[in-house]
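Here's the structure, in structure tokens; my notes come after.
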């Protein structure tokens, strides 16, 4: 009897050990990147022969599981289309259904990326009612932390319906909706991994932080937060690492509110993007949102504009674009409700710079050069066609001499150039724009897009 029990236990162990296991993102309803070589991986029994048959390829691929039990294979995808099946056959068989091939985006950050229609966005109920897009798919990663990098994440694919959209990232949804307005036959996969209240450091591998003294010092200043973790790497380990190498079209990022006070956020963001691109082995495009103004008119610290200016400086990251949303927000609300325009502006960047289908301007004015003249400062702006002030009486420019004392400046616009003067500053050296926590920048270009704050010393 004892031998029979042992044999039964051994048989159960053998059956369970031989099952093909896939990460959660490889499941029914998934979206794979079109016209690409995509990596697919999973776990099996060492020396197990696994045959993989993608319906779109009409071909079978074979991989042998190594002694680590983790196998991987790269297979080509077709142009956009579906639904398809994807079959795996080893000691057991697994078939994935309803697979689409299109554009896949990783959408991350904190609460403004996480924010859903259920939170109360502009025209939320009207948008929910018409959110029937079966070829837009969400994969929302559940909140989780880990002390070490994990092999998979917790989530599942869902087709966009009114109820799914209601509780999914609004920015990601409107981004996908805008893309499909240009490419109606292209499915969009949205992998949303976001957590409100988290600083950027928790989304960066701990080893990346530890190898950079500047980032170590910045991370040490983070204060405990009742809404989420603050220790480096905690959400990266549990919510990002298991996704690495899942082929992407690009990445969206909306975060920064929990890093207000940092003077090195540009370096933090650069480290994040570089580390993710390294993990993915892919230099995917990076599109991000500059946070909006937030504070009171009487607030005297500059922590908010410093953070936003640091985000502007992060444009040195290769293949990156930033959207400015100060015209969509008020300083008394850290969660701007107009998420549709945010998503559309992100999508417009992708349509212009990645897909090359837009010719119109998609960027607000960005400071390019500063020239010191005998009694004035001359500024030249990129994306400065048709510069104008919405409120000509509140230009928000200030200049200072070597003493660093700033005074309001008179601004004269000529093309993409602005000349600044002040009777109180005879030899100007420094300039700043909209340098207040509650200021709504008044400088726009012909495309009616707002300028970023900046300070040049």
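The values are calculated or read from the model by the stated rules, or taken from the named source; none is laboratory data. Note that the structure is predicted; figures quoted are calculated from it, not measured. As a convention, Cβ positions derive from the backbone with ideal geometry for all residues, glycine included, and neighbour counts pool all protein chains shown.
Filter the range 169-197 down to the residues that are in a strand (DSSP E or B) and either farther than 20 Å from residue 109 by Cα or under 15 Å from the mean Cα position of the chain (by Cα) (or both) and list them by number.
We begin by selecting, within the range 169-197, every residue in a strand (DSSP E or B); these are 169, 188-194.
Answer for the range 169-197, where residues must be in a strand (DSSP E or B) and either farther than 20 Å from residue 109 by Cα or under 15 Å from the mean Cα position of the chain (by Cα) (or both): 169, 189, 190, 191, 192, 193, 194.
Would you confirm whether or not the range 279-300 contains a residue that is in a helix (DSSP H, G or I), assigned by TED's automatic domain parsing to the domain that holds residue 219, in contact with a strand residue (DSSP E or B) (Cβ under 9 Å, 6 or more places away or on another chain) and buried (at least 24 other Cβ atoms within 10 Å of the Cβ)?
no
The rows are residues; the columns are (1) in a strand (DSSP E or B); (2) crowded, with 17+ Cβ neighbours inside 10 Å; (3) outside the structural domain of residue 291 (by TED's automatic domain parsing).
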{"position": "337", "(1), (2), (3)": "no, yes, no"}
{"position": "340", "(1), (2), (3)": "no, yes, no"}
{"position": "345", "(1), (2), (3)": "no, yes, no"}
{"position": "348", "(1), (2), (3)": "no, yes, no"}
{"position": "359", "(1), (2), (3)": "no, no, yes"}
{"position": "371", "(1), (2), (3)": "yes, no, yes"}
{"position": "378", "(1), (2), (3)": "yes, no, yes"}
{"position": "386", "(1), (2), (3)": "no, no, yes"}
{"position": "392", "(1), (2), (3)": "no, no, yes"}
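Those residues that are under 22 Å from residue 264 (Cβ atoms) and either in a helix (DSSP H, G or I) or without any contact (Cβ under 8 Å) to a residue 12 or more places away in the chain (or both), I need them from the range 309-330; list them, please.
Of everything in the range 309-330, those that are under 22 Å from residue 264 (Cβ atoms) and either in a helix (DSSP H, G or I) or without any contact (Cβ under 8 Å) to a residue 12 or more places away in the chain (or both) turn out to be 309, 310, 311, 312, 313, 314, 315, 316.
Do you know which residues across the range 430-452 are over 14 Å from residue 384 (Cα atoms) and part of a loop (DSSP other than H, G, I, E, B)? Explain how you work it out, then say what you get.
So the first thing to find is which residues in the range 430-452 are over 14 Å from residue 384 (Cα atoms), and the list is 430-441.
Result: 434, 435, 436, 437, 438, 439, 440, 441.
Kindly indicate whether any position in the range 223-234 is touching a strand residue (DSSP E or B) at 6+ places or on another chain (Cβ under 8 Å) and at pLDDT 95 or above.
Scanning the range 223-234 turns up no residue that is touching a strand residue (DSSP E or B) at 6+ places or on another chain (Cβ under 8 Å) and at pLDDT 95 or above.
Suppose the filter is modelled with pLDDT of 95 or more, within 22 Å of residue 285 (Cβ to Cβ) and in the same structural domain as residue 282 (by TED's automatic domain parsing); does residue 256 pass it?
Numbers: modelled with pLDDT of 95 or more: yes; within 22 Å of residue 285 (Cβ to Cβ): yes; in the same structural domain as residue 282 (by TED's automatic domain parsing): yes.
Spelling it out, residue 256 is indeed modelled with pLDDT of 95 or more, within 22 Å of residue 285 (Cβ to Cβ) and in the same structural domain as residue 282 (by TED's automatic domain parsing).
Residue 431 passes all but one of (1) crowded, with 17+ Cβ neighbours inside 10 Å; (2) without any contact (Cβ under 8 Å) to a residue 24 or more places away in the chain; which number fails?
Unmet for residue 431, out of (1) crowded, with 17+ Cβ neighbours inside 10 Å; (2) without any contact (Cβ under 8 Å) to a residue 24 or more places away in the chain: (2).
Among (1) under 19 Å from the mean Cα position of the chain (by Cα); (2) surrounded by fewer than 20 Cβ atoms within 10 Å (Cβ to Cβ); (3) not in a helix (DSSP H, G or I), which single condition is residue 263 missing?
Exception for residue 263: condition (1).
Which residue out of 339, 421 is under 30 Å from residue 118 (Cα atoms), modelled with pLDDT of 95 or more and in contact with a strand residue (DSSP E or B) (Cβ under 9 Å, 6 or more places away or on another chain)? Reasoning before the result, please.
Numbers: 421 fails: under 30 Å from residue 118 (Cα atoms).
Being under 30 Å from residue 118 (Cα atoms), modelled with pLDDT of 95 or more and in contact with a strand residue (DSSP E or B) (Cβ under 9 Å, 6 or more places away or on another chain) holds for just one of 339, 421, which is 339.
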